[in-house]
Each structure stands twice: as C-alpha cells, then as structure tokens.
Amino acid sequence: MDHFFLYSAVILTIIIAVPLYRVLYGPTLFDRLLATNAIATKTIVLICLIGFLFGRIDMFIDITLAYAVLGFIGSLIIAKFVSIKNVERE
C-alpha cells in the first residue's frame, strides 16, 4: 500500500508542473492567480500523502491547514490589490 501512495505522490508532483507553465507564461494576472491556487491545492494533497508515508499524518495535517490558510489569505490580498489598482485607473 505504501508503494501506491509513493507512486501517487510522484505523479502528483508531475501534475503540479502543468499549472506551473501557466504561472510562468500566463497571459493575464488572473490566469496566474488561478494557476497558483491550483498548485497550492495539489501541494496540500501532496503534503498529506507525505505525512501518511512517514506515519505522522496528524502533524502534516496541521501543516496543510496552515498552508491552506496562507494560500487563501494570499489570494485575497492579490485580488484586493488588483481591484484597487483597477479603480485607480478609472
């Protein structure tokens, strides 16, 4: 069963590279923001898988909760910054 989770973690790491392309070469800021959120979501799942592999899922769940809150707050801050910048242009 550990091999299944290990292979899942490797595949998930490869899947994270797909939105990374959008972050680097996205045409708009919103595309980059959505790709960053997708990477954060996949990273949360990856951290949980690593926690299961190490046998310390309780500690890694706390880490993923903190990571999720920081990602959400970061998205709100960027959205607020973009909305204020758009209001100043008009």
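Quick notes on this structure:
- Cα-based Rg of the chain normalised by 2.2 N^0.38 Å, two decimals: 1.33
- Within a Gaussian network of the chain (alpha carbon springs, distance under 10 Å), most fluctuating of Gly74, Gly55, Gly26: Gly55
- When you filter the chymotrypsin sites (Phe, Trp or Tyr not before Pro) in the chain for DSSP loop state and at most 14 other Cβ atoms inside 10 Å of their Cβ, nothing is left.
Rule-based calculations on the coordinates, nothing more; no lab input. Everything numeric here is computed off the predicted structure, so don't read it as measured data. All Cβ positions, glycine included, derive from the backbone under ideal geometry; neighbour counts span all protein chains shown.
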